[in-house]
Every structure is written in structure tokens, then in C-alpha cells.
Amino acid sequence: MNNFWLDIRYALRQLRKSPGFTLTAVLTLAFGIGATTAIFSIVEGVLLRPLPFADPGKLMALGDTIDGVDLGNGAATSAPSIAMYTRGTSSFTGMGAYRQTGFELSGAGQPDMISATQLQASVLPVLGVSPQMGRFFTQQEDDSRVAVTVISYEMWHSRFHGDEHILGQKILLDRKPYEIVGVMPRDFEFPLVPGQLNRSELWVPTSLTPEQIAAGIGSWNYSMVGRLKPGVNPEQARQDMDRVSQEIMRGYPPALASIHIHAKVLPLAEVTVAQSRPLVRTLFLAVAVVLFIACANLAGLLLVRVIRRRREISVRLALGASGAAIVRQSLIETLLLSTGGGLVGLGLASVALRVGVNFLPETLPRVSAISLDWKVVAFALGLAALTGILCGLVPAIAAARTGVNEALKEGGRTGTSGGGHARLRSALVVGELAVALVLLTASGLLLRSFDKMRSVDLGFRADHTLTASYGLPRENYATQAAVDAFNSELIEKLQQLPGVEAAGITSNLPATGNVSSNGFVPEGYVPPKGNVLILGWVARVLGDYFRAQGIPVVRGRDFTPADREGSLPVVIVNRTLAEKYWPGQDPIGKRIHVGAQETALPWMTVVGEIGDIKQTLADAETESQFYIPAGQFKTDLGQFGPPDMLNGSGGSMVLRSAMAPEQMADSLRAVVRSIDPQLPVTDVDSMDQLVAESQAPRRFNTVLISSFAAAAVLLALLGIYSVIAFSAALRTQEMAIRLALGSQRSNIMRLVLVSGAKLGLVGCGLGAVAAVFATRLLRSMLFQVDPLDPAVLVLAAISIFMLAVAASVLPARRAATIEPMQALRTE
């Protein structure tokens with residue numbers, strides 16, 4: 001221990017004597033460790049940290065799969081299936097259903113639209129959590145449809161200022177009074193959905209009515225969660241639920257006889273992070289590359305330091321120091337550097353997370369769980385120690401193997417000293433260039449992918465368009481006549497605003513990611529065997545929606561005021577639907593039927609065809625789409641929305657104006673207030689902004705990977721610069737003799753540049769091979785771009801090579817400007 005403390009004191013004195021070297025080494029490591037720690041905190045918070053529920057490994061997401069239909073990565077089920085699964089299965093200690101929804105909140109500050117969740121009373125016991133204050137609603141309150149609610153900790157503080165007497169107070173949800181019976185803990189979040197904007201602010205009972213259950217038999221708009229019994233695995237539970245699903249199908253009416261369902265049982269944690277896993281893994285690999293380059297640079301600096309201290313080390317060895325003592329002292333010095341780098345890196349990671357968490361894509365779940373907890377701190381310090389050992393081990397061994405006689409004979413003379421050291425430094429630089437090329441290639445692929453996505457024709461015009469959302473509360477708009485009166489007055493007043501060219505309302509706005517699919521039957525189409533259910537994206541529209549959205553009708557006509565209740569049911573379809581089901585034919589006059597043919601809804605006649613609209617994302621595959629005039633269908637019956645929704649009781653307003661959209665926002669709000677002063681208007685945005693937000697996840701991926709690529713390239717260039725500069729400095733005597741014997745300065749410069757070019761060529765060659773395999777990991781993040789795109793790979797390789805040569809220019813010029821007499825006298 002005495003020797004250990006002496007080594008620490010000696011190492012500190014040596015580092016204090018070389019402040020430039022110490023600062024460079026600490027900052028290099030701080031950058032690499034800080035970036036890695038920040039990304040690891042995201043990995044730990046999103047992927048590794050257990051769900052904040054009791055025994056989360058036993059929690060399962062439950063639902064159905066439908067043959068021939070993609071219901072997404074999660075699990076969904078219909079209202080009638082909930083009770084049958086609950087009564088008929090024996091693999092779970094408990095299960096419950098839930099559905100996200102929204103309410104108009106009033107009676108607690110400014111009226112607003114909030115995110116909420118309807119769930120059964122059994123859900124919280126299944127999750128194993130309890131309210132911080134009060135209680136959760138009971139099964140009897142759920143069955144009896146008692147208006148009670150449990151609010152979030154955030155709402156308790158933001159709207160009620162942490163009032164200790166909150167229990168028993170009432171708020172208005174859709175203008176119906178609900179009693180607050182509980183407040184959830186600060187960190188409670190359910191459902192665990194991506195995006196901060198979708199976090200539920202309160203929870204209410206599902207209180208399903210017999211009418212809702214009957215109408216929801218063909219709508220998979222609920223999710224379920226269950227807790228496995230001890231000794232039961234997910235596959236056994238799936239078989240148990242699958243037996244019940246067969247009973248459910250036997251109860252289907254003839255209209256749904258063609259639908260075949262199977263049970264789905266997935267770990268809740270897996271469903272939560274399924275979408276974000278590829279992105280997080282890619283980020284971690286990218287930051288690992290940056291850390292590798294930082295370590296390679298530090299190892300190069302330490303090798304240079306060993307060469308500069310060859311005489312000192314030789315003297316110590318000559319005086320009796322052992323090789324183990326030299327290795328120990330060298331490693332202690334490196335560990336001091338890495339520890340300093342780790343501590344500074346933790347500070348950088350903390351700042352990066354505090355600033356950057358707001359820029360994370362909304363597709364990332366559990367963002368609130370991302371923090372520098374003890375696991376992340378332990379990771380950072382462990383990474384610092386490991387980095388110090390790995391970076392310092394080779395230079396330490398090289399120091400211990402210093403040839404005493406040769407070093408003492410050389411004295412202060414320069415030369416090639418340490419051919420093995422030179423090869424090792426060159427190998428480190430080649431590795432840096434290779435991995436930098438991999439990241440640069442990945443960045444180029446993402447940039448090209450993002451550019452292709454931005455150039456996609458969305459099918460509508462986003463310029464000069466203002467959008468806003470609203471929802472009519474059932475308490476005040478209990479009849480279809482009341483809903484229709486509001487919508488008619490709203491459309492009329494919006495169209496009268498100065499500068500407005502067209503105004504309309506839609507149930508589903510493009511570029512928002514909303515998915516609203518319904519089964520339908522195209523007239524005369526015979527589906528292939530085994531594909532019995534046809535789905536299409538459906539939207540209800542009011543007013544002059546297509547003109548307001550800038551969607552041209554390419555064939556037939558637009559909807560007119562004559563398309564109302566009692567007239568011939570009509571529909572407008574997109575090009576994809578027309579070409580898929582009536583190829584080579586004029587779709588005008590064809591008919592489609594929503595739901596199975598046996599349902600009571602009428603056939604709708606196609607009166608118009610529009611181009612394909614990117615209703616969700618620009619890089620999503622275009623689906624069959626059809627639009628119906630909301631005024632023709634006075635009951636919904638679950639065919640065009642939730643079974644309890646009146647037709648046209650909510651949606652998005654769309655205004656096309658000659659003015660800038662921002663200038664119309666106040667006028668739009670004033671129109672709504674003139675009709676219903678209490679009705680909140682939310683999501684007031686220009687269509688350009690909505691499109692930009694829909695591209696945000698890809699933009700985030702591109703910017704972040706490109707930032708890492710830029711950092712990697714910069715560090716690699718610093719590495720090659722330092723190697724070439726140091727090699728040239730060691731060859732000062734050789735260069736001086738060459739010049740003294742008549743060599744041209746241009747030849748000296750060429751000699752150094754060739755050294756850099758050789759390293760660049762080898763690095764690019766190895767990097768190109770590595771990129772061929774590594775970029776395949778990006779396949780899911782690319783749009784219309786091949787991971788092996790030769791243009792991107794060649795351009796990245798040329799860029800790295802040219803930058804490597806450019807980094808050698810300054811050392812080459814210094815070598816070419818040596819004064820032979822002065823250099824030889826110094827030697």
C-alpha cells in the first residue's frame with residue numbers, strides 16, 4: 001500500500017508537469033464517457049429498467065390477433081370479449097381492460113382537452129399499485145357507472161396546487177360532474193405509451209353499457225393486462241385464452257362469420273419498448289464507436305508519452321526498478337486520467353440529458369424514467385476504470401519493455417525509435433478511420449433516407465393551412481340534432497372569416513399518425529382464398545374539406561350539400577383502392593359496403609376519386625382510403641368510430657387562407673367561443689408544423705447519428721494528425737540530412753503526405769468492409785434506401801480518405817520547412 005500511494009503521488013506530479021497532455025487526455029475521455037453515459041441512461045430507462053409495478057415480469061399484455069389483419073405490435077380486443085376472457089380463463093390471478101380516451105375538463109381552471117384512460121376496477125390491483133391519497137374506484141362503482149375519478153400527481157399539483165382536501169371535490173369531464181376519490185403516486189404512468197403528450201392525467205371506470213358491448217363486437221379498441229399465476233408461463237396462458245377465443249368466435253353474428261381470431265399473450269415490458277428498441281440499440285452502438293475512437297486517441301497519446309519518457313524509464317530500470325513496478329505506475333497514471341475523464345463525463349452527461357430529453361422523439365416510451373440514477377453512475381465509473389485499464393495496458397507494457405542500453409545510447413537524439421510503437425500507433429489510427437467510416441456511412445444513409453422522405457408527395461397541400469381540434473361533450477350535445485346544429489354553424493362562420501378560401505372538418509387529419517381502419521366489401525371483388533377481411537382507412541368529412549386540405553378530386557365530383565340524410569349514400573375513394581379492386585376500370589358508379597355484406601348498413605356509391613394521401617407518415621405504405629359525408633349517417637353503430645360516439649361529435653377543423661396560418665388562429669378560436677364559450681380548442685397548428693412533427697422521429701435519428709459521425713470523424717482526424725506529426729518530428733534528423741544532400745522540399749512534403757495517405761487507404765478499406773455488415777442494422781430506419789447503397793459508401797470512403805490526407809498537410813509542411821543546419825546542430 002505504501003508503494004501504491006507513492007505511485008499515486010508520483011503520477012499526480014507527472015500529470016501536473018504536463019498540463020496540456022493532462023487536459024487533452026481528460027477532455028478526450030470525458031467526451032467519450034459522457035456521450036456513452038447519456039445514451040446508456042436512455043437505454044437503462046427505456047429498455048433495462050423494470051416496469052414500475054409489482055413483480056413486472058408476471059404482467060402480460062392480452063388481446064387478439066385476426067387472420068389476415070395487422071393490429072400492430074401491441075394487443076387489442078373488443079368490448080364483448082373482455083368479460084368472456086375474464087370469466088373463462090384460469091391462468092391469471094387477475095386481469096382488466098382499459099382504453100385511452102380524452103375529455104373536456106372544466107371546473108378546475110381554464111377548460112381544456114386532456115388525455116385520460118378508461119379502465120376496469122381490477123386493473124390497479126393487477127398492476128400492484130395503490131393511490132398515494134384516497135382510494136381507487138370499486139368494481140361496484142364500475143358496474144353501476146358511478147361518476148368517480150382518480151387523478152394523477154401532476155394534475156393534483158398543477159390544477160389543484162397540492163390541495164390536501166382534494167378528495168371529494170368534483171370536476172366536470174365533458175361537463176358531467178365526477179368525484180375525485182384518489183390521487184396516484186408521482187411516478188405512476190399507465191398505459192405506458194410513447195410520447196409525453198399521451199400521458200393520462202386521470203383515470204375513470206370503463207362502465208360499459210349493454211349497448212356499447214353489443215355495438216363493439218367488431219371493434220378492437222380495448223387493451224387488456226393480466227398477471228400470471230405462479231408456475232404459469234406465457235405460452236400456457238396463451239393456450240388457455242385461445243380456448244376462450246374459439247368460444248367467442250362461436251358467438252359472432254353471421255356478419256362476422258368470416259373473422260378468425262386467436263389469443264395473444266405478450267410480456268407488458270416487451271410491448272412497451274418494441275417500437276423504440278431498434279433506435280436505442282443503434283444509438284448505443286454509435287456512441288460505443290465514438291468511445292472506441294476516444295480510447296484509441298488516448299492510447300496513442302500515452303504511447304507518444306512513453307516514447308518521450310524513454311530515457312527516464314531506462315534510468316529507472318537501470319537503477320533496479322522492476323517491469324511490474326513500471327507497469328503499475330503507468331496504469332495508475334492512466335487510471336487517474338480516466339477517473340477524471342469519468343467525473344467530467346458524468347457532468348457532461350447530466351447537462352446533455354437535462355437539455356436533450358425534450359428533443360427525444362415521441363415514439364420513445366418512459367421518457368420520465370430517464371435519469372442519472374445510481375446504476376448509471378456506477379456504469380460511468382466502471383466504464384472509466386475499464387477505459388483506463390484498456391487504454392493504459394499496452395503503453396504500460398511498452399514502457400516496461402523499454403530497451404535500457406538502446407535508450408541510454410540514443411540519449412536525446414531523434415530517430416525512428418520504437419518501430420513497434422510506430423506500428424501500434426498506426427494500427428490505432430487505422431482502426432479509428434475504419435469505425436469513423438462506418439458511422440459516416442450510416443449518417444449518409446439516414447440523410448439520404450430523410451431527403452427521400454421529404455420529397456414524397458403527401459397528396460395534399462400543407463401551405464397556408466390552419467388546423468385545430470375539438471370534441472363536443474355528450475352532456476350538452478346528447479342528440480345527433482345538437483351535434484349537426486353545432487357543426488353547421490361552425491362551418492358557416494369559418495367560411496365567412498376574412499381571407500378564408502375554404503373550411504372543412506375531418507374525423508382524421510393527415511400526418512398525425514391516427515389510424516382508423518374499417519372492414520369493407522368492394523362491389524364485384526372476389527378476395528383471394530384465406531384473405532377474407534378487407535380493411536380500409538376511413539374518415540368522415542364535413543364542409544369543403546377537400547379544397548381546404550388542398551386535395552384535388554381527379555375523377556368524378558366532390559361532396560355537395562345534397563349529400564345528406566335520405567339521399568343516395570355516396571363515398572369518395574383514393575387511387576390505391578380504385579386500382580386494387582377495380583383495376584383498369586372507372587370507379588365512378590361502383591359501390592362499397594362498410595362491414596360484412598350481411599350488416600344492415602347500405603351500399604355506398606363512389607362519386608369521386610382522389611389521389612393517394614399520406615394519412616399517417618410520409619414513409620408509411622399507402623392504404624386503401626375512403627371518405628364519407630358525415631351528414632348522411634346519423635348513427636354510428638361502431639362502424640366509423642367508437643360505439644358511443646355520435647356522428648361528427650368531434651374532429652379537426654381545417655382552414656385554407658391567403659394569410660399566414662398563425663394570423664388566423666385567434667379568429668378561429670373566436671368563432672368557436674361565439675358558438676360555445678366553454679368549448680376548448682386544442683392542437684391549433686399550421687399543417688406545415690404537423691408535417692414537420694410527423695417527420696421528427698426520422699429527423700432525430702438523422703441528426704443524432706450524424707452528430708456522432710461528425711464527432712467520430714473529428715476524433716479520427718485528430719488521431720491521424722497526431723501520429724503523422726509525431727512521426728515527422730521523430731524523423732527531423734533524417735529530413736535535415738535529406739535536405740542537406742539536395743532533396744527538394746516538395747519531395748519531403750510528399751513523403752509525409754504519402755504516409756498519411758497509406759493510413760487513410762487502409763482505414764477506408766477496412767471501414768468499407770465493416771460498413772457492409774454494420775449498416776444492415778439500419779434497415780428498419782431507412783426509407784427507399786438500400787443499406788448497401790454504393791454511392792453513399794463510396795462518397796463516405798472518399799471523404800474519409802481526403803480528410804486523412806488533409807490532416808497530414810500541416811505536419812508535411814512543417815517537415816518541409818526544416819532548416820538543415822539548425823536541425824543538425826540541435827541533434
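The values are calculated or read from the model by the stated rules, or taken from the named source; none is laboratory data. Keep in mind that this is a model prediction, so the values were computed, not measured. Because the Cβ atoms are built from the backbone with ideal geometry, glycine has one as well, and the counts that use them run over all protein chains shown. Just the protein is used for accessible areas: all its heavy atoms, side chains included, with ligands, DNA and RNA removed. Shrake-Rupley method; radii C 1.70, N 1.55, O 1.52, S 1.80 Å.
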Would you tally the residues in the stretch 242-256 being part of a loop (DSSP other than H, G, I, E, B) and of a type in the set (Gly, Ala, Ser)?
1
Hits in the stretch 344-367 - residues which are out of contact with any helix residue (DSSP H, G or I) (no Cβ under 8 Å at 6 or more places or on another chain) and surrounded by 14 or more Cβ atoms within 10 Å (Cβ to Cβ)
350
Please state which of the following conditions residue 652 fails to meet, knowing it meets all the rest: (1) more than 21 Å from residue 570 (Cα to Cα); (2) among the small types (Gly, Ala, Ser); (3) modelled with pLDDT under 85.
(3)
Might you check whether a residue that is of a type outside the set (Asp, Glu), in contact with a Ser or Thr (Cβ under 8 Å, 6 or more places away or on another chain), buried (at least 18 other Cβ atoms within 10 Å of the Cβ) and modelled with pLDDT under 65 occurs anywhere in the stretch 377-392?
no
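Could you tell me whether residue 657 is modelled with pLDDT under 80 and open to solvent by less than 30 Å² (accessible area, probe 1.4 Å)? Even if it seems obvious, please write down each step before you answer.
Details: modelled with pLDDT under 80: no; open to solvent by less than 30 Å² (accessible area, probe 1.4 Å): yes.
Criteria not met by residue 657.
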Would you mind finding the one in 753, 690 that is open to solvent by 40 Å² or more (accessible area, probe 1.4 Å), modelled with pLDDT of 80 or more and either of a type in the set (Lys, Arg) or in a helix (DSSP H, G or I) (or both)?
753
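For the stretch 220-241, how many residues meet the condition of being touching a residue at least 60 places away in the same chain (Cβ under 8 Å), in a helix (DSSP H, G or I), open to solvent by 10 Å² or more (accessible area, probe 1.4 Å) and in contact with a strand residue (DSSP E or B) (Cβ under 6 Å, 6 or more places away or on another chain)? Give the derivation first.
Going through the stretch 220-241, the residues touching a residue at least 60 places away in the same chain (Cβ under 8 Å) turn out to be 220-229, 232, 234, 236-237, 240-241.
Restricting the remaining residues to those that are in a helix (DSSP H, G or I) gives 234, 236-237, 240-241.
Then keep just the ones that are open to solvent by 10 Å² or more (accessible area, probe 1.4 Å); that gives 234, 236, 240.
Within this subset, residues satisfying the condition of being in contact with a strand residue (DSSP E or B) (Cβ under 6 Å, 6 or more places away or on another chain) are 234.
Residues meeting the conditions: 1.
Can you find a residue that is modelled with pLDDT under 75 and among the aliphatic types (A, V, I, L, M) anywhere in the stretch 342-357?
Step one: of the stretch 342-357, the residues modelled with pLDDT under 75 are 356-357.
Then keep just the ones that are among the aliphatic types (A, V, I, L, M); that gives 357.
Yes; the residues of the stretch 342-357 include at least one that is modelled with pLDDT under 75 and among the aliphatic types (A, V, I, L, M).
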Report, ordered by the first and then the second residue, all pairs with beta carbons closer than 6 Å, sequence separation of six or more or different chains, a first member in the stretch 262-280 that is closer than 16 Å to residue 223 by Cα, and a second member that is part of a strand (DSSP E or B) and of a type in the set (S, T, N, Q).
262/65; 264/65
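Within the stretch 757-775, is even one residue closer than 30 Å to residue 434 by Cα, part of a helix (DSSP H, G or I), of a type in the set (S, T, N, Q) and open to solvent by less than 20 Å² (accessible area, probe 1.4 Å)?
Yes - at least one qualifying residue is present in the stretch 757-775.
Considering the stretch 15-34 alone, what residues qualify as being of a type in the set (A, V, I, L, M) and open to solvent by less than 20 Å² (accessible area, probe 1.4 Å)? It would help to see each step written out before you state the result.
So the first thing to find is which residues in the stretch 15-34 are of a type in the set (A, V, I, L, M), and the list is 15, 23, 25-27, 29-30, 33.
If the condition is that a residue be of a type in the set (A, V, I, L, M) and open to solvent by less than 20 Å² (accessible area, probe 1.4 Å), then 15, 25, 29, 30, 33 are the ones that fit.
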Hey, residue 106 within 20 Å of residue 208 (Cα to Cα) and among the small types (Gly, Ala, Ser) or not:
no
Criterion first (modelled with pLDDT under 85, open to solvent by 40 Å² or more (accessible area, probe 1.4 Å) and over 33 Å from the mean Cα position of the chain (by Cα)) does residue 332 satisfy it?
no
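Does residue 578 meet the test of being small (Gly, Ala, Ser), modelled with pLDDT of 85 or more and open to solvent by less than 50 Å² (accessible area, probe 1.4 Å)? If you could, list the steps in order and put the result at the bottom.
Values: small (Gly, Ala, Ser): yes; modelled with pLDDT of 85 or more: yes; open to solvent by less than 50 Å² (accessible area, probe 1.4 Å): yes.
Answer is yes for this residue.
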Which members of the stretch 257-287 meet the condition of being assigned to a loop (DSSP other than H, G, I, E, B) and either among the β-branched types (Val, Ile, Thr) or closer than 14 Å to residue 778 by Cβ (or both)?
259
Quick one: in the stretch 797-827, of everything that is open to solvent by 80 Å² or more (accessible area, probe 1.4 Å) and not in a helix (DSSP H, G or I), which residue is modelled with the highest pLDDT?
817
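Name the single residue that is farthest from the chain's Cα centre (by Cα) among those in the stretch 664-685 being of a type in the set (S, T, N, Q) and at pLDDT 90 or above. Before you say what the answer is, go through the steps one by one.
We begin by selecting, within the stretch 664-685, every residue of a type in the set (S, T, N, Q); these are 667, 674, 678, 682.
Filter again for at pLDDT 90 or above, leaving 667, 674.
On the way: 667: 35, 674: 40 Å.
So, considering only residues that are of a type in the set (S, T, N, Q) and at pLDDT 90 or above, the one farthest from the chain's Cα centre (by Cα) is 674.
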By residue number, the members of the stretch 456-510 that are open to solvent by 20 Å² or more (accessible area, probe 1.4 Å), assigned to a loop (DSSP other than H, G, I, E, B), under 15 Å from residue 650 (Cβ atoms) and in contact with a Lys or Arg (Cβ under 6 Å, 6 or more places away or on another chain) are 475, 476, 507
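Would you confirm whether or not the stretch 165-179 contains a residue that is in a helix (DSSP H, G or I), of a type outside the set (A, V, I, L, M, F, W, C), farther than 27 Å from residue 92 by Cα and in contact with a Pro (Cβ under 7 Å, 6 or more places away or on another chain)?
Within the stretch 165-179, the first condition is being in a helix (DSSP H, G or I), and the residues that meet it are none.
No - not one qualifying residue is present in the stretch 165-179.
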How many residues are hydrophobic (A, V, I, L, M, F, W, C), modelled with pLDDT of 85 or more and in a helix (DSSP H, G or I) if we restrict to the stretch 776-796?
6
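Residue under question is residue 118, and the condition is that it be under 28 Å from residue 649 (Cβ atoms) and at pLDDT 90 or above; does it hold? Even if it seems obvious, please write down each step before you answer.
Values: under 28 Å from residue 649 (Cβ atoms): yes; at pLDDT 90 or above: yes.
Here the answer is yes, as residue 118 does meet what is asked.
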Any pair with Cβ under 6 angstrom, 6 or more apart, that starts in the stretch 452-463 at a residue that is farther than 29 Å from residue 792 by Cβ and ends at one that is outside any loop (DSSP other than H, G, I, E, B) and open to solvent by 90 Å² or more (accessible area, probe 1.4 Å)
none
